[in-house]
Amino acid sequence: MRNILPARTADPPRLHPQRRVLIVLVAAQVLSGAGLAAGVTVGALLAQDMLGSTSLAGVLGALSTVGSALAAVAVGRLSDARGRRPGLAAGYLAGAVGSAGVIAAAVAGEPVLLFAAMFVYGAGTATNLQARYAGADLAAPAHRARAVSTVLVATTVGGVAGPNLASATGDLAADLGIPYLAGPFLLAGAAYAAAALILVVWLRPDPLLLSRAATPRPEPDRPHPDDVRGSGVSAGTMVMVVTQLVMVAIMTMTPVHMHGNGHGAAASGLVIAVHIGAMYLPSPVTGWLVDRYGRLVTATAAALALLAAGVVAATAPEESVALYAVALALLGLGWNLGLVTGTAIITETVPPATRARTQGLVDVSIAIAGAAGGMASGLVTATAGYPLLAVGGGVLALAIVPAVLTAARGR
């Protein structure tokens, strides 16, 4: 029972267009990763500075998440109607506009404008995630997960560079008469705009439109694999939603738990850095594993990694930064396995004619799950404690195994 879906045997040669698509997407993802990380690095600090209080600083993250969810729908629908190129480019341009709005709000000292701009800025996050689907549009069935992984891992380069340029962009902003903390949004706006330009100019042929043109229509008197796509969509969505919820919940409260045990910002920053690296760097290996051993095996591995993360985090001695780092590395690895597996299932389950729209709706579910995990984590920790949150999240992750197994049996 290696794969949920049988591979199509009539896929036409797509090697050359697929290679070009991946090169263009990787270049755009490096830039968009810088834009995404640069803004996230100082967003809450900028809100705190403008409001003079920490009470509403967390609202920025919520607004960005809501904006990301709505943008996922918009990017999916536009891609469905016109192709990946205009859909992704429009999403990155919206992220650039949001970045400019944040800078304008900082200069004017207008918190309301800041909140509105962060809502629009969330479009960049949604588009960065949607781009992974474009990498799989033209991939052969045996290489879809590796194509997804290639696009994902490119985000790591920009994600590491963005925060490290925060100081330099802050100095540049100060020289231009812009508040120091708004500096990283100069980088974010430029990076998102450049990513959009790369896609508009070089993402040709459009991978989704070419995939549709190359996909033969099913014979009217014979059942088509897409006729039973419902279970596959449910399984792929379940995998990604649960892994996102568990990851965000444990990740959000780990620095808070460490701070309560006397650890400083440097220790928690190191743990989060390890976590982010584990979220993206294993992508090439994960893609190979998904393609080589099948979706059920890697979905199970994702669940076990998340369970192990919860157990290690819950039982780590209060003074052990190393074990917290191990726990969040396992958490990031589980998320990576789940995201790549779920993406592969969705891509191969949904026909090209409705693929982009469905993928956009799936990513809305992922964004909502992340927001729910972040909000619930504080309540659970306050009422039951961090260890119960960590173990409970790990146990919840096991739910993805029967979902994928049921879909596999249905196929």
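For segment 214-248, filtered to residues that are hydroxyl-bearing (Ser, Thr, Tyr) and modelled with pLDDT under 90, the residue that is nearest to Ala397 (Cα to Cα) is Ser234.
Give the residue, chosen from Val151, Val201, Val157, that is over 22 Å from the mean Cα position of the chain (by Cα) and either part of a helix (DSSP H, G or I) or in contact (Cβ under 8 Å) with a residue 24 or more places away in the chain (or both).
Val201
Contact map, segment 255-278: first residue more than 15 Å from Val326 (Cβ to Cβ), second residue surrounded by 14 or more Cβ atoms within 10 Å (Cβ to Cβ) and among the polar types (S, T, N, Q), Cβ cut-off under 7 Å, separation 6 or more or different chains; pairs are Pro255/Ser268; His259/Ser268. Restricting attention to segment 366-395, the residues being over 20 Å from the mean Cα position of the chain (by Cα) and among the aliphatic types (A, V, I, L, M) number 9.
So which of Ala316, Ala322, Ala309, Ala329 is without any contact (Cβ under 8 Å) to a residue 12 or more places away in the chain and within 27 Å of Ala37 (Cα to Cα)?
Numbers: Ala316 fails: within 27 Å of Ala37 (Cα to Cα); Ala309 fails: without any contact (Cβ under 8 Å) to a residue 12 or more places away in the chain; Ala329 fails: without any contact (Cβ under 8 Å) to a residue 12 or more places away in the chain.
The match here is Ala322.
Give the residues of segment 27-63 that are assigned to a helix (DSSP H, G or I), modelled with pLDDT under 80 and among the small types (Gly, Ala, Ser), sorted by residue number. Ala37, Ala38, Gly39, Gly43, Ala44, Ala47, Gly61, Ala62, listed by residue number. For residues in segment 379-393 being under 22 Å from Ala325 (Cβ atoms) and not hydrophobic (A, V, I, L, M, F, W, C), which is surrounded by the most Cβ atoms within 10 Å (Cβ to Cβ)? Within segment 379-393, the match that is surrounded by the most Cβ atoms within 10 Å (Cβ to Cβ) is Gly393. A count restricted to segment 105-143 and to residues that are under 22 Å from Gly33 (Cβ atoms) and assigned to a helix (DSSP H, G or I) stands at 20.
Filtering Leu165, Leu172 for residues that are at pLDDT 90 or above, surrounded by fewer than 24 Cβ atoms within 10 Å (Cβ to Cβ) and more than 21 Å from the chain's Cα centre (by Cα) leaves a single hit, Leu172.
When you look at Ala299, is it modelled with pLDDT of 90 or more and more than 20 Å from Leu281 (Cα to Cα), yes or no?
Working: modelled with pLDDT of 90 or more: yes; more than 20 Å from Leu281 (Cα to Cα): no.
Spelling it out, it is not the case that Ala299 is modelled with pLDDT of 90 or more and more than 20 Å from Leu281 (Cα to Cα).
Of the residues making up segment 246-267, those that are over 14 Å from Ala316 (Cα atoms) and of a type in the set (S, T, N, Q) number 1.
Restricting to segment 128-156, name every residue that is among the β-branched types (Val, Ile, Thr) and either at pLDDT below 80 or more than 18 Å from Trp202 (Cβ to Cβ) (or both). Full working, then the answer.
Taking segment 128-156 and keeping what is among the β-branched types (Val, Ile, Thr), we get 148, 150-151, 153, 155-156.
Val148, Val153, Thr155, Thr156 - these are the residues of segment 128-156 that are among the β-branched types (Val, Ile, Thr) and either at pLDDT below 80 or more than 18 Å from Trp202 (Cβ to Cβ) (or both).
Pairs are defined by a Cβ separation below 6 Å, a sequence spacing of at least 6 or placement on different chains, a first member in segment 86-99 that is over 21 Å from Phe115 (Cα atoms), and a second member that is small (Gly, Ala, Ser) and in a helix (DSSP H, G or I); the pairs so defined are Gly87/Ser79; Leu88/Ala131; Ala89/Ala196.
Here the condition is being assigned by TED's automatic domain parsing to the domain that holds Gln29, farther than 14 Å from Ser99 by Cα and out of contact with any Leu (no Cβ under 7 Å at 6 or more places or on another chain); of Ala174, Ala188, it holds for Ala174 alone.
The values are calculated or read from the model by the stated rules, or taken from the named source; none is laboratory data. All of these numbers come straight from a predicted model, not from anything done at the bench. Cβ sites come from the backbone with ideal geometry, for glycine too, and all protein chains shown count toward neighbours.
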